[in-house]
Each structure stands twice: as C-alpha cells, then as structure tokens.
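Worksheet: one structure, shown below.
Derivation of every value follows stated rules applied to the coordinates shown; laboratory data play no part. These numbers were taken from a predicted model, which means no experiment stands behind them. Don't worry about glycine lacking a Cβ; one is built from the backbone with ideal geometry, like all the others, and counts go over all protein chains shown.
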Amino acid sequence: MATQLTAADARQSLNSHGAAMGAELNAKYGPRIGWKELQRVLADRACVRYPCQVVFDAAGLQPDEVAHPTAKGEQPEDGFTMYVQPLFMTDLARVPLLVLYQLVLINYGEFASPDDAETFGAAAAGLTRDEYYAELCDLADQLTGCTSAG
C-alpha cells in the first residue's frame, strides 16, 4: 500500500532540499559568500536554476522591501532581475545575504515560504538561522525612514 504525501510532507521536503542545496552552495563557494562569490553563484545553474541579474533599483520593490526577483519574460528560462534596494550599493559584502534569501523564489517558485528562504539562506551563508535572521533584520532596519524623506 502506497502512502500519500501530505502538504506538510511536501513543505518539509522542500525545506530539507533547500537546506541541502544551501549547504552545497556554501561548500562550493564559501565559507563566506561575498559579492564576487555571489556573481559566480548566480552563473552556476546547479545553484540558481535560471539566469539572474542583480540590479540596484527600487522600481521593482514594494515599500520597505529590500530585494525581490522579477521574471524577465513569460518562461522562467527567460531569467530574472533581482531588484535590490540601492541603499545597499555601498554594502556589497552584505548584499549576498539579501539575494540568497530571495533565490528560493527563483529555484522553487511561489511554493517557497519565508521559512524555506531562511533555511536556504542561512545554510548558503554558513550561518545559523538565528544569526542569518539577525543579519536580515539589521539590513531591513536600515530602510526605516529612507523612503519617507522628501
């Protein structure tokens, strides 16, 4: 008798796969993923399923959003633009933390959750989930008040 997978099973499987892929990415490009390493990661189809280009432009972001990928065409194979808040152009060493979090949307699509993003990003960055989350919060906190100045 075959057992049927539940949605919870699928979610756990995705999270586990993200953790394993993040760890593989870190083993290949780490131990610290900086800007230079990020460029190599983005070009590696074993790490990032579809082409992805980082652009420092808030036009593709919601208010208070630090980074987000947008499809360049109808098919994922057309690639993605990873919009990153321009504020972070002066902190390229930490930009990979933002991009790694968003890569689950490129690799797994809309099925990826924030939990999956934290799991993958932490493993890829070589940090614990708590350390990674604290880094993301620190980066996001830098946006406070940036867009309200007029």
Residue-span extension gain [residue 94 to residue 64] - 0.36 nm each, minus C-alpha spacing: 9.1 nm
Structure-derived percent of Cα pairs over 27 Å apart: which label, when the choices are (1) 40; (2) 34; (3) 21: (3)
Share antiparallel - DSSP beta bridges, region 14-140, percent rounded to 5: 50
Rel. contact order, % - alpha carbon contacts under 8 angstrom, at least six apart, region 14-140: 32
Estimated inter-spin distance, residue 46 and residue 77, nm [label 7 Å along Cα→Cβ]: 2.2
